[in-house]
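Remarks on the structure that follows.
The values are calculated or read from the model by the stated rules, or taken from the named source; none is laboratory data. It should be emphasised that the depicted structure is a prediction, and the values quoted were computed from it without experimental measurement. Here the Cβ positions follow ideal geometry from the backbone for every residue, glycine too, while neighbour counts run over all protein chains shown. Each accessible area value is taken on the protein alone, full model and side chains, heavy atoms only, with ligands, DNA and RNA left out. Shrake-Rupley method; radii C 1.70, N 1.55, O 1.52, S 1.80 Å.
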Amino acid sequence: MENDSSPDSPLPPSQPTSAQAREALSALDADGKSLSQRVVTPWWYHTALGLIVALLVGSQAFSGPAPIMVVALSIVAIPVLTMTYSSRYGVTITQPAGPRSRRLLLVTLGAALLAFLAGVAIKVVGANPWWVAIPAVVAFTVTLILGRRYDDALRDEIAGTRDQTR
């Protein structure tokens, strides 16, 4: 049984040639590099996000309905912050681009959750409310530092490059 096509016959129009495939891949690489250059988070973004997270954690030092109101305001503030960034810079990234950015995002979220739980624990045991400042400062610092590292990893993964030294 013979094959119906010979090596010299042209490919059907639905299948690209190897040159067209290479050209498409090159265009995708260029698009990824271009997008990664646009995904530059301004200095104020992670600072504001860190303050929101620290306020969430620190709200446990308050008594009465204040913690619930602060948590509600913080939950509203996070989408407002991300929408402000998106509308100002025209770029919206809704998920990590690869394993490194995913890992950094999960570590950041985990640290924020642990800091919040530490604030709740301090309140529950009846310790001096000023002790809540420690997990609040930790939450701010972790959000600021890991947020910037997340951005670096995200840009590397979008561009298709990866710095092996980090």
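Worth pointing out:
- Normalised by 2.2 N^0.38 Å, where N is the number of residues, the C-alpha radius of gyration of segment 45-166 stands at 1.17.
- Charge sum, other residues only, whose C-beta stays under 9 Å from Pro96's C-beta, Lys/Arg counted +1 and Asp/Glu -1: +2
- Our estimate of slack between Arg103 and Leu117, defined as 0.36 nm per intervening residue step minus the Cα-Cα distance, is 3.0 nm.
- Where Ile78, Ile158 fall by accessible area, highest first, once all protein chains stay in place (1.4 Å): Ile78, Ile158
- Highest to lowest packing among 98-104, 65-71, scored as the average C-beta count within 10 Å: 98-104, 65-71
- In a fully extended conformation the segment linking Ile75 and Gln95 would gain 5.4 nm over its present Cα-Cα distance, using 0.36 nm per residue.
- The equivalent ellipsoid that matches the C-alpha gyration tensor of segment 101-166 spans semi-axes of 33, 10, 7 angstrom, in descending order.
- Compared with the direct C-alpha span, the chain from Ser63 to Ile134 gains 23.8 nm at full extension, assuming 0.36 nm per residue.
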